[in-house]
């Protein structure tokens, strides 16, 4: 194994040899290796956030016809560092009556839940934290720990707005977990394994080609799972004070944001791993480091799409969001599972490319039919514009009298 | 004592302690949070038994769904939140005595079993054969009846719970 | 490696803790939580026996796995309906405390 | 196999430790001048009224309930999905029946109006 083909694994093997040569037993050497590996990966992820924040602010700035950060360093590249210094030295206010353990555990848990997703993702053919046989289920389960973190934040900070925000956020997250889990069944079915390494290796045509409907549902649901625009109504900064994190300050508040930015990036590389072929690309099998490059290029393309999604869509209303989930995505994902299972089984004798085309056509038919049905449903249920009394900021109702009918 | 045994002891102690706190906490919310801790400990115990699938399912179903459902219910039922007084019945020592006696009986009974001291060795890596499990679930010679009955049970739970929980709303309309 | 007995004792202890909770707590929600503890104790036993018998037979044993999965499903159904009943009873009686949910007493 | 779980456990501990360490460092670096106004519960500048608890809608419970049921369903389907490639047609149909029964539950909830946000 040469250094240039696979530098990361080369260093790992070298370090293992070093530990063995100073007389450590294999058990301890593995454990120490694990600790160092986990530290490097997790710390790398956390420092990566600094870059992500710059990237996103710059891009969002461009989308909104602004410059974004552009004073500190080349293209404003050092701006997040300055922000980090500032947030590190801000006072950490602990309000009265908080539940100390819950209050302090919540920001830690919300970052840890995202970081743990890095443990099972294959970044290249030879570079991954660990290959557990239930990888894709692990990703979903760890996301559930983030919800516990949100509940801890909302309840622990002894504030009714925080509590309401937390419950709303959790209701949103668990709702969108349903289509997320069900559409994750499709790659498992096509691969015959839950291990993410196997799922990447099995994608001879990428699964987005085989099952675009499942990929679309998975993408929308994972954007909603990150809890950012247009699904960010639990913490809509421009409309309400904040959500579950209203009582937090300084770095504890910052940790929620670190978790959010990291989750957006993590969601995009999970999408890449599951549906866009992960590290696969020309030559990546022979030269693993090339796979790493492909992986990050694909991830940044999806991340770019995610930021575009954020920057160009207006925020959902909560009833619209719940309707989108329960009345569109969930039934659709169940139908997709059934159709793919049936079609793939009926054409079991066909060649691979024929099955790919058949599945693709089946998926597209589902999407078209669903689109028609949704259009019909929306037409019949949309209320007439102007049928209700609407709150307009006119001089008459600037001072709202009780019972005047001008309420939102 | 091997490393795995140390891990087991720590996890078991933490799990049992949180279990005690579930039944001993005064605030209902603390009780629910300790329950999450217990469930996590049980998940780690599953992982030490190399049942990776069930460890993850434990986190997914119990922590991700059931405990959140319990917490939502706590938010819906008001008096539990401000009730700071005792949460146990007056003659609580009787159940305590019963529990201790039952534990003694169970431990004594188990100790007479010949395989009680059997060692659990590390299994080969691919032994948790999920494909075989999945095949058995839909195999008519295997467990297809429990599989379909499970879906009917879930359907019944869904319909029943929605009917019960939303009943008053319907009367009001 | 860990003896089977450790798991069985831990599960028995967890079961007894749950039993104590069921018998002694006033609040219906915490009775349900104690039932969860007992179900978890059962699952620990099942998974431990799965491991033990898989080790003895050399192949993965299906029956314990199916049983564990069924326990998960039953637990989910039980929690769903139980909590719905508690919510419904709370609406009528304004209390989640079991002793006060008496329809027949004066 | 156990080594894999060891790594997952270590990674979980490390990923808890790193944010905790960052917050501890920030707590050392930051000033600490509490006063009663600063520490008061934030309610948009108003005086805090009542306990930090509000009556929740039953809607939250219903969403969590439907989520629980479909989560458990997906968990049963995952082993089936792993085995899917080796299954005969009737086994696939059985799983589809399983999904259809639960789809019926979803339709009931829809009809009942449980999926509306009010």
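Taking the three principal axes of the alpha carbon atoms in the protein assembly as shown, the coordinate ranges are 80, 76, 60 Å, sorted in descending order. Peptide A:313-321 shows a mean partner chain C-beta count of 1 within 10 Å per residue C-beta.
For peptide A:126-136, the mean count of partner chain Cβ atoms within 10 Å of a residue's Cβ comes to 5. Helix D:89-111 and the longest principal axis of the C-alpha atoms of chain D enclose an angle of approximately 50°. Ranked by how many other Cβ atoms sit within 10 Å of their own Cβ, fewest first, the residues A:31, A:273, A:191, A:94 fall in the order A:31, A:94, A:191, A:273. Taking packing as the residue-averaged number of other Cβ atoms within 10 angstrom, the listed peptides A:347-355, A:335-343 run from highest to lowest as A:335-343, A:347-355. The distance linking the stretch A:163-194 with the stretch B:1-32 is 29 Å (Cα centroid to Cα centroid, whole angstrom).
In this calculation the C-beta distance from residue B:111 to residue C:71 is compared with R0 = 41 Å, giving a FRET efficiency of 0.95. Helix C:28-57 and the long axis of chain C differ in direction by around 10°, with both axes built from C-alpha atoms. Taking every DSSP helix (H) stretch of at least 4 residues in chain A, weighting each as -39,500 (n - 2.57) and dividing the sum by the residue count yields a mean residue ellipticity at 222 nm of -22000 deg cm²/dmol.
With contacts taken as Cα pairs under 8 Å and at least 6 residues apart, the stretch A:222-333 reaches a relative contact order of 33 percent. With runs of 4+ DSSP H residues as the only contributors, calculate the mean residue ellipticity of chain C at 222 nm using -39,500 (n - 2.57) per run, divided by the residue total and rounded to the nearest 500. It comes out at -28000 deg cm²/dmol, rounded to the nearest 500. Going from the fewest other Cβ atoms within 10 Å to the most, the residues A:16, A:86 appear in the order A:86, A:16. Its residues counted as N, the stretch B:1-126 yields a C-alpha radius of gyration over 2.2 N^0.38 Å of 1.30. Across peptide A:188-199, the average count of Cβ atoms from other chains found within 10 Å of a residue's Cβ is 4. Taking the C-alpha atoms only, the angle from helix D:2-29 to the longest principal axis of chain D is near 20 degrees. If a/c stays under 1.5 just call it rounded; otherwise compare a/b with b/c (prolate if a/b is bigger, oblate if not). Do that for the stretch A:1-89, with a ≥ b ≥ c from the square roots of the Cα gyration tensor eigenvalues. Because a/c hits 1.5 or more and a/b exceeds b/c, the stretch A:1-89 counts as prolate. Treating each Cα of the stretch C:27-94 as one equal point scatterer and applying the Debye formula with no solvent, the log10 of I(q)/I(0) at q = 0.15, 0.27, 0.29 Å⁻¹ comes out as -0.58, -1.10, -1.18. Take the alpha carbon gyration tensor of the stretch A:37-78, find the square roots of its eigenvalues, order them as a ≥ b ≥ c, and report rounded if a/c is under 1.5; if not, report prolate when a/b exceeds b/c, else oblate. Since a/c reaches 1.5 but b/c is at least a/b, the shape of the stretch A:37-78 is classed as oblate.
Readers should treat all values here as calculations from the given coordinates under stated rules, not as data from a laboratory. Just so it is clear, the model here is predicted, and its values are computed rather than measured. Don't worry about glycine lacking a Cβ; one is built from the backbone with ideal geometry, like all the others, and counts go over all protein chains shown.
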